[in-house]
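The values are calculated or read from the model by the stated rules, or taken from the named source; none is laboratory data. If you're wondering where the values come from, they're calculated on a predicted model, not measured in any experiment. Here the Cβ is made from the backbone with ideal geometry for all residues, glycine too, and neighbour counts use every protein chain on show.
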Amino acid sequence: MRGAGGREEEGGCEVKRTAIAIGLIGALAATGCAGMTDTQQRTLTGGAGGAAGGAIIGALAGNAALGAAIGGAVGASGGFLYGKHKESEQRAYDQGYQQGKSQR
C-alpha cells in the first residue's frame, strides 16, 4: 500500500512481519516442548504468547520489538509462576492421596 509521496506505509509491513513471527514462535513452541517439565512448557508458552501479544500491541504503538520484549518477559514470568503453583497443587494432592491410602 502506498501512502503520500509514493512511499510504502510501514504499518502494513510491520503487521505482516509480526504475523509471520507469531506463526514461527507458535510452531517452535508446539514442537520444542518434548522432554520439558510442565513448568518449563508453561514458561515457554507464556513467553511466546506474551511476545506475540506484545508485538501486536507494540506494532500498533510504533515499536513492535519493544512490545515483544516486554510481553515475552511478562508472559514467561507469568507462565513460570503458574507452573510453580500447579506443581505445589500436585504435591499437596499427592501427599493427601498417600495419607489416605496409608490409613486404609
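Restricting attention to the range 62-104, which residues are of a type in the set (A, V, I, L, M, F, W, C) and free of Cβ contacts under 8 Å to residues at least 40 places away in the same chain?
Going through the range 62-104, the residues of a type in the set (A, V, I, L, M, F, W, C) turn out to be 64-66, 68-70, 73-74, 76, 80-81, 92.
The answer is Ala65, Leu66, Ala69, Ile70, Ala73, Val74, Ala76, Leu81, Ala92.
List the number of the failed condition for Met1; all other conditions in (1) over 14 Å from the mean Cα position of the chain (by Cα); (2) at pLDDT 60 or above hold.
It fails just one condition, (2).
Show the residue pairs meeting these rules: Cβ distance below 6 Å; 6+ apart or different chains; first residue within the range 42-61 and under 12 Å from Gly78 (Cβ atoms); second residue assigned to a helix (DSSP H, G or I) and aromatic (Phe, Trp, Tyr).
Correct list of pairs: Arg42/Tyr82; Thr43/Phe80.
If you check Tyr97, Tyr82, which single one turns out to be among the aromatic types (Phe, Trp, Tyr) and at pLDDT 95 or above?
Numbers: Tyr97 fails: at pLDDT 95 or above.
The conditions single out Tyr82.
Among Ile70, Ile22, which is the only one that is modelled with pLDDT of 80 or more, crowded, with 16+ Cβ neighbours inside 10 Å and in a helix (DSSP H, G or I)?
Numbers: Ile22 fails: modelled with pLDDT of 80 or more.
Result: Ile70 is the single residue among Ile70, Ile22 that is modelled with pLDDT of 80 or more, crowded, with 16+ Cβ neighbours inside 10 Å and in a helix (DSSP H, G or I).
Failed condition for Gly6, given (1) at negative phi; (2) at pLDDT below 80, with all others met?
Unmet for Gly6, out of (1) at negative phi; (2) at pLDDT below 80: (1).
Just to be sure before I move on: is Gly35 surrounded by 14 or more Cβ atoms within 10 Å (Cβ to Cβ) and not charged (D, E, K, R) in the structure I sent? Can you show your working first?
On the way: surrounded by 14 or more Cβ atoms within 10 Å (Cβ to Cβ): no; not charged (D, E, K, R): yes.
So Gly35 fails the test.
Which condition breaks for Glu14 when tested against (1) of a type in the set (D, E, K, R); (2) modelled with pLDDT under 95; (3) loosely packed, with under 15 Cβ neighbours inside 10 Å?
So Glu14 meets the others, but not (3).
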